[in-house]
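Reading through the structure tokens given below for one structure.
Any read-out appearing in this document is the output of simple, stated calculations on the displayed coordinates, not a laboratory observation. Treat the numbers as computed from the prediction; the structure is a model and nothing was measured. No Cβ is skipped: glycine too gets one built from the backbone with ideal geometry, and neighbour counts run over all protein chains shown.
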């Protein structure tokens, strides 16, 4: 479990660093059409800084341009940092439950059973979180929760 938690914390640290380095939120997106042959989308940060992409309308990735800009704007740094905090809280809860379970006598009591079930549940949540990074070289396939069908 400690390797899984360390892996997730490292990914969250990377995401947090990128979000803190980005222009502060909120972000917004506007699409401008420059005639019939080209368009641009502009993602604007709260300081007025902008990312502008221009391309030919309907060609390649530019065909999905309005949706790309909306997607980028929805992932502004403030929202990303809130997500990082929420995921860190899950890892904290997992470690706290594991620490409690380790300190308890394995006496078969209801409290022990509930604590072990809590650890199992939170571990599955952490394993599921890790699957978002299954393309990372440090991802361990043993962490996969092992469901045959996933949504």
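Each label point was placed 7 Å from the Cα along the Cα-to-Cβ direction; for residue 92 and residue 72 their separation is 3.3 nm.
For residue 131 and residue 85, the difference between the fully extended length at 0.36 nm per residue and the C-alpha to C-alpha distance is 14.7 nm.
Subtracting the Cα-Cα distance of residue 121 and residue 102 from 0.36 nm times their residue separation leaves 5.3 nm of extension gain. Were the residues from residue 9 through residue 109 laid out at 0.36 nm apart, the gain over their Cα-Cα distance would be 32.7 nm.
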